[in-house]
Amino acid sequence: MRVPSTSANPRRRPQQNRAEVRRASFLQAAEQLFGTLGYESVTMTAIAEQAQASIGTLYDYFPDKPALALVLITQYMHEAEAHWAKFLQQPPARGKASIADVFIEGILEFARNRPAYLPLFGAPLGFTRTKADREPLRRTIAAALQNLKPGLPADHAFLNAQVIVEIIKGMLGVYRQATPKDREAVVTEFKKVMRLYLTDTLG
């Protein structure tokens with residue numbers, strides 16, 4: 001396997017359109033393999049083969065597997081913000097129980113459409129986001145809560161949104177490690193948690 005160059009010279013820069021297509025093909029190949037085999041089992045060689053490219057070409061675009069995975073995760077984070085913004089534009093009329101299900105089912109729908117999302121969620125990549133990066137999603141959730149409970153102070157709504165995000169993250173961690181036959185039970189239990197929290201929050 002070819003290793004990344006430690007030279008100070010910049011990496012080769014292919015023509016832009018061709019480069020974008022090739023880069024996207026590597027990300028798609030990695031997403032498919034991470035989703036099928038898990039992060040740890042996938043090699044750069046396998047990604048290159050899946051993309052029908054040479055390992056050298058892959059290294060022209062990504063220095064190693066963690067760097068490639070971090071690009072996918074960052075992409076997912078941006079897509080998640082857009083997903084939730086659309087999902088929460090019109091909170092369900094039935095109130096807190098219904099929106100509790102929306103939060104749980106919404107993230108699962110998002111994950112189903114992105115096969116590498118759950119495998120990368122627990123991968124040892126040291127991925128962190130700044131406060132500024134995290135805030136838009138929490139503001140979106142806070143606004144949805146204020147729509148359901150007019151008069152809910154903005155600072156309380158934002159705190160509630162932070163707790164909701166942590167509940168969702170907790171569910172994803174348990175769901176990811178559960179066997180397929182146990183995942184439905186995990187979802188059911190976390191819906192109960194979310195409903196209880198929102199019942200208390202929204203009154």
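No other residue among 185, 123 is hydrophobic (A, V, I, L, M, F, W, C) and modelled with pLDDT under 95 apart from 123. Answer yes or no as to whether residue 130 is over 29 Å from residue 195 (Cβ atoms) and β-branched (Val, Ile, Thr). Spelling it out, residue 130 is indeed over 29 Å from residue 195 (Cβ atoms) and β-branched (Val, Ile, Thr).
Given the conditions (1) assigned by TED's automatic domain parsing to the domain that holds residue 31; (2) surrounded by fewer than 18 Cβ atoms within 10 Å (Cβ to Cβ); (3) touching a residue at least 24 places away in the same chain (Cβ under 8 Å), report the number of the one that residue 147 does not fulfil. Residue 147 satisfies every listed condition except (1). Evaluated against (1) assigned by TED's automatic domain parsing to the domain that holds residue 175; (2) part of a helix (DSSP H, G or I); (3) of a type in the set (A, V, I, L, M), residue 46 falls short on exactly one condition, (1).
Within the option set 99, 141, being modelled with pLDDT of 85 or more and either assigned by TED's automatic domain parsing to the domain that holds residue 178 or touching a Gly at 6+ places or on another chain (Cβ under 7 Å) (or both) holds for one residue only, 141. Within the range 122-137, residues that are touching a residue at least 24 places away in the same chain (Cβ under 8 Å) reach partners that are among the basic types (Lys, Arg) and part of a helix (DSSP H, G or I) with beta carbons closer than 8 Å, at six or more positions or on different chains, in the pairs 122/176. In the range 124-131 there is no residue that is within 28 Å of residue 40 (Cβ to Cβ) and in a helix (DSSP H, G or I). Screening the range 152-203 for residues that are within 23 Å of the chain's Cα centre (by Cα) and not in a helix (DSSP H, G or I) and picking the one that is nearest to residue 85 (Cα to Cα) gives 178.
Quick grid of which residues meet (1) closer than 15 Å to residue 107 by Cα; (2) surrounded by 15 or more Cβ atoms within 10 Å (Cβ to Cβ); (3) in contact (Cβ under 8 Å) with a residue 60 or more places away in the chain:
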{"site": "141", "(1), (2), (3)": "yes, yes, no"}
{"site": "151", "(1), (2), (3)": "no, no, no"}
{"site": "160", "(1), (2), (3)": "no, yes, no"}
{"site": "171", "(1), (2), (3)": "yes, yes, yes"}
{"site": "181", "(1), (2), (3)": "no, no, no"}
{"site": "192", "(1), (2), (3)": "no, no, no"}
{"site": "195", "(1), (2), (3)": "no, yes, yes"}
{"site": "198", "(1), (2), (3)": "no, yes, yes"}
{"site": "201", "(1), (2), (3)": "no, yes, yes"}
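Report yes if residue 89 is part of a loop (DSSP other than H, G, I, E, B) and among the polar types (S, T, N, Q), otherwise no. Spelling it out, residue 89 is indeed part of a loop (DSSP other than H, G, I, E, B) and among the polar types (S, T, N, Q).
The values are calculated or read from the model by the stated rules, or taken from the named source; none is laboratory data. Predicted, not measured: the structure shown is a model, and the values here were computed from it. Note: ideal-geometry Cβ built from the backbone for every residue, glycine included; neighbour counts use all protein chains shown.
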